[in-house]
1. Among Lys272, Lys289, which is the only one that is modelled with pLDDT under 80, assigned to a helix (DSSP H, G or I) and closer than 21 Å to Phe202 by Cα?
2. Go through region 11-121 and tell me which helices (runs of 4 or more DSSP H), entirely inside it, have 3 or more residues that are surrounded by 15 or more Cβ atoms within 10 Å (Cβ to Cβ), touching a strand residue (DSSP E or B) at 6+ places or on another chain (Cβ under 6 Å) and modelled with pLDDT of 90 or more.
3. Being charged (D, E, K, R), part of a loop (DSSP other than H, G, I, E, B) and touching a residue at least 12 places away in the same chain (Cβ under 8 Å) is the filter here, so list the residues in region 326-365 that pass it.
4. With (1) in a loop (DSSP other than H, G, I, E, B); (2) within 44 Å of the chain's Cα centre (by Cα); (3) under 26 Å from Ala329 (Cα atoms) as the list, and Phe442 as the residue in question, which single condition is left unmet?
5. Within region 236-269, count every residue that is surrounded by fewer than 15 Cβ atoms within 10 Å (Cβ to Cβ) and part of a loop (DSSP other than H, G, I, E, B).
Amino acid sequence: MQQHIFISEVESNPAICFNTGLDPRSFARTKMSQSLIEQGFIVNPNGTNKIWKSSGVYETNGVMQVWGQLFNGKRLDLLINEISSLTQNNASQTALQAVVLWIRAKMALGDTHSALNPGASFICFENGKQDYPKGTVFFGPEYLSNRCLFYEGAAYDINNCPDLLGIEASAFCAAVMLYKILTGSHPYPSAEIFQDMREGIFLPVRLASPTLDEKLADLINSALLLPVAAKKPATSAIDIITEILKILINSENKITAISSLYHTLPLEKEKKFSKEKKQFLSRQKAIVKTRRFVMRNKIGIAAGFFTALFAGIVIFTMTANTYNRPTTAGMTSENVVHAYYGAFSALDHLYMESILHGNVKKDDLNAAIGYMAMLKAVQAYEFTPGSSVIPASVWKETGNDLPAPNVFGVTDFRLEHLAGSDDSNMVVYRVNYLLWPLNEGFSLNRTDTITLTLDRKRNWRITEILREER
């Protein structure tokens, strides 16, 4: 890939050059000549800075290039992209050092606006010919740099969130770079990068790299949540970035060795994190897919939902006024428990409601109603009749594997009698089972303690559910 921001010879002298990718006519038409007065900044290790301005423009091979005073250093984005795995400790350490210098330079500039893009930054690692000491950072003119990087085809926007300004923008950009250096992957690998940033769709650092220092992982996580209105961290951006520097700079004012930022994990914990990562990605994928489908089709779904809701109200009212409403008459307490979980798996909320009595928690009932409403809305939108959900027990008994799409309900059901009998007024059971949520890639391991009592018609009904979930 051809670099559009680079060091080259101009008039027999080395200079930093910005290849605009524009021919002379396009350069004039887009008024790019205004970029000649745009400022860049050179920030010294002691925090002092001076303004950098371009010296002129010249044409080469039919393309206009802006040039200015040389700054000996290496582009920050190229340093980071050189890391292909965490086994390359030298490259990782150099990249980490570069990002720390970048953060310190950003903080030294304070409220002064400067380019965020790592491709617009050069880091000096040795004393330069222009008396720039080691650790000096160059920030190119922002508008000019972004145009050049756009034509370069570099990932010029993947580290920046357009919704953030000032120190919040710097903290977020630093967190993205550190995430890539310390985990070996980018937090936002999908094409819908800006939407992922705004919604906080990324793999948490502790799952991306379980062995990384926990405090550092939490700080990077917090910085990545800065654009997310619903999850914005309580800690301010300046505090986050200050705490990150405290970890990355040791007591001798040197960059911490990258190897010291990791600790070993027992094999058991490694397996646990691996399983948790798989479940998280599966759950996140399902949630994001559903949410974005709804956002893209919200008008049709809303119309279908209200149609289904109206139909549901009419059906419910008619059913409630008939003598055929389901009851538990003639059933033993054990049969009632089996019937309740069978109705839950079938999303039969009317039957579930007839089994529950008093102030019992109705989480399962509400979940069944919610799933049914969602299915009705989708069916109305897609003009497809009938329920598409298969009870998990039926799916498993026919020899199929779980989890699976469009499968919901209870499997591995075990019932244990704890107290009372059908000859008394109260019976208590313990129920262990796995619940397979709809369109999720995992199961919930539950233990319910169920209390049943006789109602005034002497029918067994559930009056209390105490739940433990793992």
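1. Lys289
2. Details: elements: 24-29, 76-81, 89-109.
Ranges flagged: 89-109.
3. Start the filter on region 326-365 by keeping residues that are charged (D, E, K, R), which leaves 334, 348, 353, 361-364.
Filter again for part of a loop (DSSP other than H, G, I, E, B), leaving 348, 361-362.
Matches in region 326-365: Asp348, Lys361.
4. Among (1) in a loop (DSSP other than H, G, I, E, B); (2) within 44 Å of the chain's Cα centre (by Cα); (3) under 26 Å from Ala329 (Cα atoms), the lone unmet condition for Phe442 is (3).
5. Here the count works out to 11.
Conditions tested, residue by residue: (1) out of contact with any helix residue (DSSP H, G or I) (no Cβ under 9 Å at 6 or more places or on another chain); (2) closer than 28 Å to Pro133 by Cβ.
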| site | (1), (2) |
| --- | --- |
| Asn19 | no, no |
| Asp23 | yes, no |
| Val43 | no, yes |
| Lys50 | yes, yes |
| Tyr58 | yes, no |
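Let's see how each residue does on (1) at pLDDT 90 or above; (2) under 30 Å from Gln2 (Cα atoms); (3) of a type outside the set (Lys, Arg):
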{"position": "Phe150", "(1), (2), (3)": "no, yes, yes"}
{"position": "Asn160", "(1), (2), (3)": "no, yes, yes"}
{"position": "Asp163", "(1), (2), (3)": "no, yes, yes"}
{"position": "Phe172", "(1), (2), (3)": "yes, yes, yes"}
{"position": "Tyr188", "(1), (2), (3)": "no, yes, yes"}
{"position": "Glu192", "(1), (2), (3)": "no, yes, yes"}
{"position": "Arg198", "(1), (2), (3)": "no, no, no"}
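Let's see how each residue does on (1) among the β-branched types (Val, Ile, Thr); (2) in contact with a Gly (Cβ under 8 Å, 6 or more places away or on another chain):
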{"position": "His4", "(1), (2)": "no, yes"}
{"position": "Asn19", "(1), (2)": "no, no"}
{"position": "Met32", "(1), (2)": "no, no"}
{"position": "Ile37", "(1), (2)": "yes, no"}
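The values are calculated or read from the model by the stated rules, or taken from the named source; none is laboratory data. Every value quoted in this text rests on a predicted model; they were computed, and no experiment measured them. Quick reminder, even Gly has a Cβ in these numbers, built from the backbone with ideal geometry, and neighbours come from all protein chains shown.
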